[in-house]
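A.B. asks: Take this structure first; my questions come after.
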Amino acid sequence: MVIDMNYWTRVIKRIAVLLFSLVLIYFSFKLAIFYIPFLIGFLISQLMDPLIKYVTKKTGMNRKTSAIWVLLIAFTILIILIVIGIITIISESSRFITRTKLLY
């Protein structure tokens, strides 16, 4: 019986890569709590950058002032949408409760 060492070397390498990948995925999920705020900040900055450049170009304000105004407007719109959503949820749930009371 001839043992092919080349075959077993490939098998051991694939097992090692699989185990390393599983360990990497495990630690990625464990560290996600730490990295998520940075990822969100990076995405917001990438989404806001073209708008900040546009406002800087059109108004003549410096970049820092434009960034502050754009972020204030964006967060104001976000807060307004959240408030409207909460008001809608409350009104629909109260309407649902009154309708279910009428059924019984």
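A.B. asks: Which one of these is part of a helix (DSSP H, G or I) and at pLDDT below 95: A16, A67?
C.D. replies: The unique qualifying residue is A67.
A.B. asks: Out of region 19-64, which residues are in a helix (DSSP H, G or I) and either at positive phi or of a type in the set (F, W, Y) (or both)?
C.D. replies: Those that are in a helix (DSSP H, G or I) and either at positive phi or of a type in the set (F, W, Y) (or both): F20, Y26, F27, F29, F34, Y35, F38, F42, Y54.
A.B. asks: Right, here's the next one. Only one residue in I25, I12, I36, I52 is without any contact (Cβ under 8 Å) to a residue 60 or more places away in the chain and within 17 Å of A67 (Cβ to Cβ), so which one is that?
C.D. replies: Only one candidate qualifies: I52.
A.B. asks: Could you look through region 70-104, keep only residues that are of a type in the set (F, W, Y) and surrounded by 10 or more Cβ atoms within 10 Å (Cβ to Cβ), and pick out the one that is modelled with the lowest pLDDT?
C.D. replies: F96
The values are calculated or read from the model by the stated rules, or taken from the named source; none is laboratory data. Being a predicted model, the structure only gives us computed values, none of them experimental. For neighbour counting, all protein chains shown are included, and Cβ atoms are generated from backbone atoms with ideal geometry for every residue, glycine included.
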